[in-house]
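The values are calculated or read from the model by the stated rules, or taken from the named source; none is laboratory data. If you're wondering where the values come from, they're calculated on a predicted model, not measured in any experiment. Heavy atoms of the whole protein, side chains included, go into the accessibility calculation; ligands, DNA and RNA do not. Shrake-Rupley method; radii C 1.70, N 1.55, O 1.52, S 1.80 Å.
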Amino acid sequence: MLTPVDGARPRAAHEELALALTPADVARLGELARVRLTEEELVHLASVARVTEVAGADVPPTSHALPLTNVFREDVVTESLPAAAVLAGAPSVEDGRFRVPRILTEDA
């Protein structure tokens, strides 16, 4: 049997499979996450967690309603900009490189 979150009511054996959250469970999770929730939000979020009870064994679990596919483009090698053109837009240049303020000391 699952151990309830501190402050939550103990679960009956038949609830172990459903993993339903009570408003007390949601309140405790909110405290742990340092999220202040109203009583209405606690009840709403607990009811949302019960959605898993609706699906039958014939409904496969999904994360999206439609299948997702990545669209990749071909990598095309092109000439890069000449260093002089890139450095021309820099506010400060030193020894052919961008000059930036020092943010670390020698002992860092």
Q: Would you mind checking which residues have amide H under 5 Å from V93's amide H? H placed 1.01 Å from N; only 5 or more apart, or other chain.
A: R99
(Q) Rounded to the nearest 10 Å², what accessible area does V76 have for a 1.4 Å probe in the complete protein model? (A) 110
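Which of rounded, prolate or oblate describes region 31-108 when judged by the alpha-carbon gyration tensor and an a/c cut-off of 1.5? Please report the intermediate quantities before stating the final value.
Values: a/c = 4.76, a/b = 1.90, b/c = 2.51.
Oblate, since a/c reaches 1.5 and b/c is not below a/b.
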Q: Kindly sort E74, E79, E53 by accessible area of their heavy atoms, largest first, with the probe set to 1.4 Å.
A: E79, E74, E53
Q: Roll a 1.4 Å probe over the protein heavy atoms and report the accessible area of D58 in Å², nearest 10.
A: 130
Q | Karplus-derived HN-Hα couplings along region 64-76 (A = 6.51, B = -1.76, C = 1.60, θ = phi - 60°), whole Hz, x at Gly and Pro | A | 9, 6, 10, x, 10, 9, 7, 10, 10, 9, 5, 6, 10
